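Presented below is the structure to which this report refers.
The values are calculated or read from the model by the stated rules, or taken from the named source; none is laboratory data. The structure presented is a predicted model; accordingly, all values stated were derived computationally and were not measured. We place every Cβ from the backbone using ideal geometry, glycine too, and count neighbours over all the protein chains shown.
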């Protein structure tokens with residue numbers, strides 16, 4: 001029997017697993033976050049500018065943005081399912097990652113063939129919803145895998161690489177997708193997204209979470225002892241633990257801060273193409289070129305120094321700088337109307353905002369990871385992200401009423417006000433206290449389990 005077992009184990013060890021190789025671990029999550037950014041570059045940026053250039057109203061554009069943002073609010077529904085059910089022989093989260101990637105490819109292909117999308121907005125929004133659904137699905141699986149696989153001392157660095165990779169993907173596909181959209185057609189542009197995701201899928205297809213696991217269901221391998229120990233088998237335990245940690249004061253503060261901050265980011269991201277195309281008379285190509293360049297610089301900065309700054313100076317201190325910078329830059333833009341005709345002035349704002357945005361996302365996600373209880377960390381982290389995405393829907397929906405009833409200065413300052421509110425809440429967040437309370441919860445559960453075992 002021992003000889004029979006040793007053969008598949010030896011066969012499955014040709015490529016190091018994610019749990020045992022730091023470089024492959026970083027490479028895997030860089031690739032997966034890049035795949036998330038591929039459709040977002042067009043859905044949340046390129047298509048908004050394209051719709052504005054083709055005469056669609058701010059309300060219609062915001063409606064498309066809401067349709068694309070809505071699935072990201074359903075992430076918490078699928079997160080516990082991923083914690084509870086999986087095919088352990090292929091890894092705890094890897095089967096779900098592969099399923100999400102397949103869904104992204106299929107939904108992008110379906111969206112590419114929506115007939116006359118600008119005059120068929122209902123079907124167009126439904127297609128955007130489908131692509132975003134699988135993007136959100138893959139995001140949950142990837143975050144769950146990250147929580148399981150990435151050691152605590154590598155989380156800040158990993159967040160910088162992951163988020164930077166996603167920003168670079170967004171900017172790259174925004175520029176390339178818009179060029180294809182204008183030179184060829186909508187179908188060609190969106191099919192490009194499907195092709196890119198298909199190539200990236202090769203990474204999780206050939207990299208195991210842990211050694212000796214199966215590459216595919218019909219190949220050699222078996223579930224690792226580590227995943228068997230981590231796998232949750234009780235719905236009651238999952239939700240009781242999640243309620244205990246999520247009802248803590250600092251969890252609630254972090255949740256409110258993420259709702260407002262993530263909503264503010266989507267608000268300005270949706271507003272900027274409308275502002276530049278309709279008010280400043282830019283074309284969608286000019287907007288995409290400038291915004292993509294600004295985003296890629298922010299992404300590279302995040303990958304190179306985003307995690308380092310958090311490690312070196314502390315999460316809360318750096319978040320104060322990032323939030324304060326965004327409020328300052330936006331206020332200068334709003335009250336410098338005489339300079340709006342200067343392209344370099346608007347470009348400078350895009351550059352500064354995207355750098356601050358990328359660094360702030362790295363910081364807030366690192367805070368969220370640290371505030372998680374390992375027992376339910378995947379579901380807890382996803383719940384933070386889900387509530388943040390509810391904010392993205394709620395605050396993006398304000399664009400129509402604000403632009404209809406107020407001038408552009410008020411519309412821009414609304415973003416500054418949102419960030420200022422998130423900045424205010426940050427002052428009351430005590431990360432160390434949250435960590436202490438999580439340790440107390442863990443000790444309490446241990447005592448209960450020991451008493452029950454007697």
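For every residue, the table says whether it meets (1) touching a residue at least 60 places away in the same chain (Cβ under 8 Å); (2) surrounded by fewer than 24 Cβ atoms within 10 Å (Cβ to Cβ); (3) farther than 19 Å from residue 60 by Cα.
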position: 256; (1), (2), (3): yes, yes, yes
position: 270; (1), (2), (3): yes, no, no
position: 279; (1), (2), (3): yes, yes, no
position: 285; (1), (2), (3): yes, yes, yes
position: 292; (1), (2), (3): yes, no, yes
position: 296; (1), (2), (3): yes, yes, yes
position: 301; (1), (2), (3): yes, yes, yes
Next item on the list: Could you please find all residues in the stretch 391-407 being touching a residue at least 24 places away in the same chain (Cβ under 8 Å) and surrounded by fewer than 19 Cβ atoms within 10 Å (Cβ to Cβ)?
Entry: 394, 398, 400, 404
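With the condition being under 25 Å from residue 327 (Cβ atoms), I'd like the helices (runs of 4 or more DSSP H) fully within the stretch 212-286 carrying at least 1 qualifying residues.
Once the helices (runs of 4 or more DSSP H) in the stretch 212-286 are filtered for at least 1 residues that are under 25 Å from residue 327 (Cβ atoms), what remains is 249-274.
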Note to self: Please determine whether any residue of the stretch 36-54 is surrounded by fewer than 24 Cβ atoms within 10 Å (Cβ to Cβ), modelled with pLDDT under 85 and part of a loop (DSSP other than H, G, I, E, B).
What the structure shows: yes
Next item on the list: For the stretch 338-353, state whether one or more residues are buried (at least 21 other Cβ atoms within 10 Å of the Cβ), under 18 Å from the mean Cα position of the chain (by Cα) and either at pLDDT 85 or above or part of a helix (DSSP H, G or I) (or both).
Entry: yes
Next item on the list: Output the number of residues of the stretch 213-231 satisfying the condition of being more than 16 Å from residue 95 (Cβ to Cβ) and touching a helix residue (DSSP H, G or I) at 6+ places or on another chain (Cβ under 8 Å).
Entry: 1
Margin query: Between a residue in the stretch 82-102 that is outside any helix (DSSP H, G or I) and any residue that is crowded, with 23+ Cβ neighbours inside 10 Å, which pairs come within a Cβ distance under 6 Å, given they are 6 or more apart or on different chains?
Written below: 86/92; 91/209; 91/213; 93/141; 93/144; 93/145
Margin query: Every residue in the stretch 107-129 that is without any contact (Cβ under 8 Å) to a residue 12 or more places away in the chain, in contact with a helix residue (DSSP H, G or I) (Cβ under 9 Å, 6 or more places away or on another chain) and in a helix (DSSP H, G or I), please.
Written below: 123
Next item on the list: Select, from 331, 379, the only residue that is farther than 17 Å from residue 422 by Cα and assigned to a helix (DSSP H, G or I).
Entry: 379
Check: Give me the pairs: first residue in the stretch 145-158 and outside any helix (DSSP H, G or I), second residue surrounded by 20 or more Cβ atoms within 10 Å (Cβ to Cβ), beta-carbon distance under 7 Å, and six or more apart or on different chains, which are they?
Finding: 150/25; 150/158
Note to self: closer than 27 Å to residue 77 by Cβ and either buried (at least 24 other Cβ atoms within 10 Å of the Cβ) or at pLDDT below 90 (or both): which single residue out of 162, 201 fits that description?
What the structure shows: 162
Checklist line | the stretch 171-207, residues that are in contact with a helix residue (DSSP H, G or I) (Cβ under 7 Å, 6 or more places away or on another chain) and assigned to a loop (DSSP other than H, G, I, E, B) | finding: 201, 207
Item checked: Failed item in (1) modelled with pLDDT of 90 or more; (2) crowded, with 24+ Cβ neighbours inside 10 Å, with residue 249 passing the rest -> (2)
Check: Within the stretch 36-55, is there a residue that is over 18 Å from the mean Cα position of the chain (by Cα), more than 29 Å from residue 398 (Cα to Cα) and without any contact (Cβ under 8 Å) to a residue 40 or more places away in the chain?
Finding: no
Notebook entry, point to check: If you check 129, 133, which single one turns out to be modelled with pLDDT of 90 or more and under 14 Å from the mean Cα position of the chain (by Cα)?
Noted result: 133
Next item on the list: Being at pLDDT below 90 and under 27 Å from residue 146 (Cα atoms) is the filter here, so list the residues in the stretch 385-429 that pass it.
Entry: 385, 386, 387, 388, 389, 390, 392, 393
